[in-house]
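Here is the structure we will look at, set down as structure tokens.
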């Protein structure tokens with residue numbers, strides 16, 4: 001059976017606080033060479049690595065990411081106390097530039113960088129894309145810009161000819177038509193949304209929420225080339241998936 005590449009969803013997020021350098025490094029140390037992360041902007045326009053636009057879930061602070069500048073955000077601990085208690089006390093919210101450092105040290109690693117819709121709504125499409133691409137400039141060949149937002153992906157590709165991945169909200173004929181117009185490098189989808197054969201095209205199929213080896217093999221058989229999981233080690237326990 002053809003292997004698929006394992007993508008660490010927000011890093012090794014099953015065992016480490018999500019979207020932290022520690023979570024990304026843990027995945028890389030296990031042998032994974034594909035990581036996914038989320039980007040928002042700080043109040044002063046710096047790209048920061050965080051999924052939500054508030055700090056409540058990861059830091060226990062009821063405040064918007066958009067209200068704090070980068071210097072303030074990088075002092076905030078994001079050890080996910082509701083999940084981990086005090087186990088990861090001291091882990092702080094990273095800047096996107098911290099990821100650049102990690103990628104420069106690991107040239108074999110590819111990062112799938114998701115630009116969030118709420119960030120675009122807050123700061124404007126062109127401003128956000130310019131900030132993200134500018135930060136990633138030195139490692140852009142190691143990156144794929146991903147988003148639910150089609151104009152965001154179109155602009156990113158026009159600005160820097162970078163690889164792009166569209167995250168699907170629906171698996172229907174309208175989405176298929178839009179995908180055929182955009183021709184992204186990747187189509188990304190929650191496997192639960194797909195109940196028919198995969199659309200053929202120039203893209204690679206990338207499925208997320210894949211948490212067991214059995215599910216991984218099921219979707220590889222259906223044509224998946226990339227499998228995203230928070231529980232990296234669970235998939236790597238299967239020798240046929242290890243190292244991809």
*asked:* Can you match semi-axes √(5λ) of the Cα gyration tensor in Å to one of these, [x] 44, 18, 15; [y] 27, 23, 16; [z] 35, 18, 16, based on a calculation from the structure here?
replied: [y]
_Along the Cα→Cβ direction, 7 angstrom out, place labels at residue 67 and residue 29. What is the inter-label distance in nm?_
3.6
*Report the residue, chosen from 185, 231, 44, that carries the largest GNM mean-square fluctuation when the chain is represented by alpha-carbon nodes joined by springs under 10 Å.*
44
*asked:* Along the Cα→Cβ direction, 7 angstrom out, place labels at residue 234 and residue 172. What is the inter-label distance in nm?
replied: 3.0
*Of the beta bridges DSSP finds with both residues in the chain, what % are antiparallel, to the nearest 5?*
15
*Could you please state, rounded to a whole Å, how far the C-alpha centre of region 17-38 is from the C-alpha centre of region 41-66?*
19
*Tensor-based shape of region 1-129 (alpha-carbon gyration tensor, a/c under 1.5 rounded, otherwise prolate or oblate)*: oblate
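Only bridges whose two residues both fall in region 1-141 count here: according to DSSP, what percent of them are antiparallel, nearest 5?
Antiparallel bridges: around 45 percent, rounded to the nearest 5.
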*asked:* With a 10 Å cut-off between alpha carbons and a GNM built on the chain, which of 204, 97, 175 moves the most?
replied: 175
*Mind checking the full-extension length gain between residue 74 and residue 195? Use 0.36 nm per residue of separation minus the Cα-Cα distance, one decimal, nm.*
39.4 nm
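Does region 88-150 come out rounded, prolate or oblate, given a ≥ b ≥ c as the square roots of the eigenvalues of its C-alpha gyration tensor, rounded meaning a/c under 1.5 and, failing that, prolate meaning a/b above b/c? If you can, show how the numbers build up before the last one.
Working: a/c = 2.01, a/b = 1.30, b/c = 1.55.
It is oblate, given that a/c is not under 1.5 and a/b is not larger than b/c.
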*asked:* Less than 12 Å from a label point 7 Å out along the Cα-to-Cβ axis of residue 214: which backbone N atoms in region 1-38 qualify, by residue?
replied: none
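Under the definition of Cα pairs under 8 Å and six or more residues apart, what whole-number percent is the relative contact order of the chain? Mind showing how you got there, number by number?
Working: 489 pairs, mean separation 51.7, N = 244.
Normalised by residue count, the contact order of the chain is 21 percent.
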*Please list 19-27, 52-60 highest first by mean number of surrounding beta-carbon atoms within 10 Å per residue.*
19-27, 52-60
*Classify region 1-76 as rounded, prolate or oblate, taking a ≥ b ≥ c as the square roots of the eigenvalues of its Cα gyration tensor: rounded when a/c is under 1.5, otherwise prolate if a/b is larger than b/c and oblate if not.*
prolate
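Just so you know, all these numbers are worked out from the coordinates, no wet-lab data involved. Here the structure is a predicted model, which is why all the values come from computation and not from measurement. Using ideal geometry, Cβ is built from the backbone for each residue, glycine included, and neighbour counts are taken over all protein chains shown.
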